[in-house]
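Accompanying notes for the structure given below.
The values are calculated or read from the model by the stated rules, or taken from the named source; none is laboratory data. These numbers were taken from a predicted model, which means no experiment stands behind them. All Cβ positions, glycine included, derive from the backbone under ideal geometry; neighbour counts span all protein chains shown.
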Amino acid sequence: MNFRFYTDIVLIIISWLFMFAAYRGWGNKIICILKLDFVEQDKEFAASWLGWSFSILFFSLINLFVPINLYSSFFFFLLGLFFFTNSIKKILSQATLKKSILPLIFAVLIAIISIQLPYCYDTGLYHLNSIRWLNEHPHIIGIGNLHHRLGFNQLFFTYIAHLNFHPLFNDYAFHVANGFLFVLLGTQLLLKKNALSVILFAAMFFIPMPLYWLASTSPDLSSTVLQLTAFYYFIKLLREKECFEKRETYIAFIAVIAAVSTVIKLSNAAFSIGLALTSYLLIKRSDSKVFFTKRLIKTFAFIGILLVIWLCRGYMGTGYPLFPTGIGRTSADWALPEKLAKIGEERIYCFARLRNYEFNSPLLKDYKWVKPWFENIIYDIEGNFEGIASVLFVCISIICFAIWLIKTNFKTHQKENALILVSLWAAQLLSIIFWFFTAPDIRFANGLFITFFLTGILLVKSVSSNLTMPQSFKSPVLVFILLFYVGLINFYVSSNLFYLRGIIKLPKVPMIENITDSGLKLLTPQFKDQCWDSDIPSTPEYDPKISLRGESIRDGFKMEQPLD
């Protein structure tokens, strides 16, 4: 470790504080517009989540017309900080050393992880390239023709793009992006210290992807954090029995987070739909006219605008609104040839099952892939414990459900929310089944295993009044968890995964220039398929049939002829 290491840690934490302030400023305005009525202790963090959600909508919208660069980012953050000024006095009056010590330690530990080079393979394959396009151009029509992965419609990249303040911090933003959301949820849980918060905080260790992906542009970790956040507020909704306006507020918040989690990564859709349907069941029991209130109409308008922008971007990028699925394909000249789209879909299908792209593998027939797939999860080829933890979570949740069934047979009454919990448990089980039959890579499940496990625990608690965590037990558990983080970092260092010497610049790879049949110049990696943050247009999969739709890149790309 050296002096630069310590200054970079401080720089990352200061960046998170500015992000929290700006997002909360925008969130405060959204709360006023939607007239949301949170419980006081939830309002400050809910505002930050809503402000962050608005940033996804805002930058996705403006990128349809202009690049996401220094000017738009500066405007957004400056206005957000201005909106935040009214909250400064309140926050300072509530802040104490006792309250701040655990969140600060947690933030430092996450900053140490976030300071590393990205180890997620897809970061160099297409993530950074996608962000480069967002920073330098408006959304490009037919960009999926250049490289089908650039057509993945993940609005998460607009988040990192607006943190770049392009061209100032291209090598810095991904160090703070995932880590900020992780710290935001973790701090919220650490400050509450109730049983649910402690259990949920502990569960954050068992997310189904390595924690060192915090230092990457991958949307997988943030997808998981959003699912856990939506679940946390759903439990808040479940416990809010007195004030109908507050229940309405929490359902609005959950709907926004569920929608945003879907547009940043499509694999979240099953979880989001299940949570939405369960929330609908819960609130309809209170008032059959609930969805005609102004508060929820405004919320659904916000969600509707976000979804329309997302679908438009998918349509513009590939000709498929939900690429790589073939649903809704257009016949526009920039639409990816069906065979190319099919290859993109099959790659996900094969990799999720066999960790390779052997399309013609005999293991793919008659579910022969299940055995090697299960072995990959249990033994986890990356050497982590996420796979075993996920399997255990599913097993424990099913056992909890069985316990609940047995207990309810011997009781003459049920707790008020038991039906809702069973509905949520069933919805998540169906989501896991859907995941298994579509793209069963463990990271595509995101936080689903964790929330499925927690729902099972809540089911047992609903029929066991003595299932509680003593107050004196909560703080030692949190301290133990933080020590576990320290041990995890030490393991990463000893495994040569981490360097404790500050932020290191992204690697530059040698690129070669290729010319397509139409005369378009494209850069491709000289070795393998990693482009990293190379100049554009670049692609790891050169195809001579790619051409411009017009005279310049801004006109977009197309394939001159369909693939045979």
Being in a helix (DSSP H, G or I), of a type outside the set (S, T, N, Q), more than 23 Å from residue 269 (Cα to Cα) and modelled with pLDDT of 85 or more is the requirement here; does residue 457 meet it? yes
From the options 552, 495, 475, residue that is over 30 Å from residue 203 (Cα atoms) and among the polar types (S, T, N, Q): 552
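Would you mind stating whether residue 87 is assigned to a helix (DSSP H, G or I) and either under 20 Å from residue 165 (Cβ atoms) or modelled with pLDDT of 95 or more (or both)? Lay out the reasoning, then the answer.
On the way: assigned to a helix (DSSP H, G or I): yes; either under 20 Å from residue 165 (Cβ atoms) or modelled with pLDDT of 95 or more (or both): no.
When the stated conditions are applied, residue 87 does not pass them.
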Could you identify the single residue in 142, 186, 179 that is at positive phi and touching a helix residue (DSSP H, G or I) at 6+ places or on another chain (Cβ under 9 Å)? 142
Scan 207, 199 and give me the residue that is buried (at least 21 other Cβ atoms within 10 Å of the Cβ), within 30 Å of residue 474 (Cα to Cα) and not small (Gly, Ala, Ser). 207
Being surrounded by fewer than 21 Cβ atoms within 10 Å (Cβ to Cβ), touching a Lys or Arg at 6+ places or on another chain (Cβ under 7 Å) and of a type outside the set (Ser, Thr, Tyr): is that true of residue 40 here? no
Looking across region 311-336 at residues that are small (Gly, Ala, Ser) and part of a loop (DSSP other than H, G, I, E, B), the single one that is surrounded by the fewest Cβ atoms within 10 Å (Cβ to Cβ) is 331
Scan region 484-503 and give yes if some residue there is polar (S, T, N, Q), more than 26 Å from the chain's Cα centre (by Cα) and at positive phi, otherwise no. yes
Expected single match for in a helix (DSSP H, G or I), touching a residue at least 24 places away in the same chain (Cβ under 8 Å) and over 25 Å from residue 198 (Cα atoms) among 59, 106, 20, 75 is 59
Qualifying residues in region 337-365 (those that are of a type in the set (Gly, Ala, Ser) and outside any loop (DSSP other than H, G, I, E, B)) - the one nearest to residue 445 (Cα to Cα): 352
Residue 318 vs. criteria among the polar types (S, T, N, Q), in contact with a helix residue (DSSP H, G or I) (Cβ under 6 Å, 6 or more places away or on another chain) and closer than 16 Å to residue 143 by Cβ: yes
Is it the case that residue 359 is at pLDDT below 85, under 25 Å from residue 145 (Cβ atoms) and assigned by TED's automatic domain parsing to the domain that holds residue 444? yes
For region 169-176, check the following and say yes or no: at least one residue is in contact with a His (Cβ under 9 Å, 6 or more places away or on another chain), crowded, with 20+ Cβ neighbours inside 10 Å, under 24 Å from residue 262 (Cα atoms) and hydrophobic (A, V, I, L, M, F, W, C). yes
So residue 158 ticks every box in (1) within 18 Å of the chain's Cα centre (by Cα); (2) of a type in the set (S, T, N, Q); (3) surrounded by fewer than 23 Cβ atoms within 10 Å (Cβ to Cβ) but one. Which box is left unticked? (3)
Can you report the number of residues in region 366-424 which are part of a helix (DSSP H, G or I), among the polar types (S, T, N, Q) and modelled with pLDDT under 80? 2
So residue 171 clears everything in (1) touching a helix residue (DSSP H, G or I) at 6+ places or on another chain (Cβ under 8 Å); (2) in contact (Cβ under 8 Å) with a residue 60 or more places away in the chain except one condition, right? Which one? (1)
Near pairs, Cβ below 9 angstrom, 6+ apart or cross-chain, from region 342-365 (within 19 Å of residue 152 (Cα to Cα)) to any residue that is surrounded by fewer than 16 Cβ atoms within 10 Å (Cβ to Cβ) and among the aliphatic types (A, V, I, L, M): 343/563
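Residue-wise test of (1) touching a strand residue (DSSP E or B) at 6+ places or on another chain (Cβ under 6 Å); (2) surrounded by fewer than 16 Cβ atoms within 10 Å (Cβ to Cβ); (3) among the hydroxyl-bearing types (Ser, Thr, Tyr).
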{"residue": "55", "(1), (2), (3)": "no, no, yes"}
{"residue": "73", "(1), (2), (3)": "no, no, yes"}
{"residue": "76", "(1), (2), (3)": "no, no, no"}
{"residue": "83", "(1), (2), (3)": "no, no, no"}
{"residue": "93", "(1), (2), (3)": "no, yes, yes"}
{"residue": "96", "(1), (2), (3)": "no, yes, yes"}
{"residue": "119", "(1), (2), (3)": "no, no, yes"}
{"residue": "124", "(1), (2), (3)": "no, no, no"}
{"residue": "136", "(1), (2), (3)": "no, no, no"}
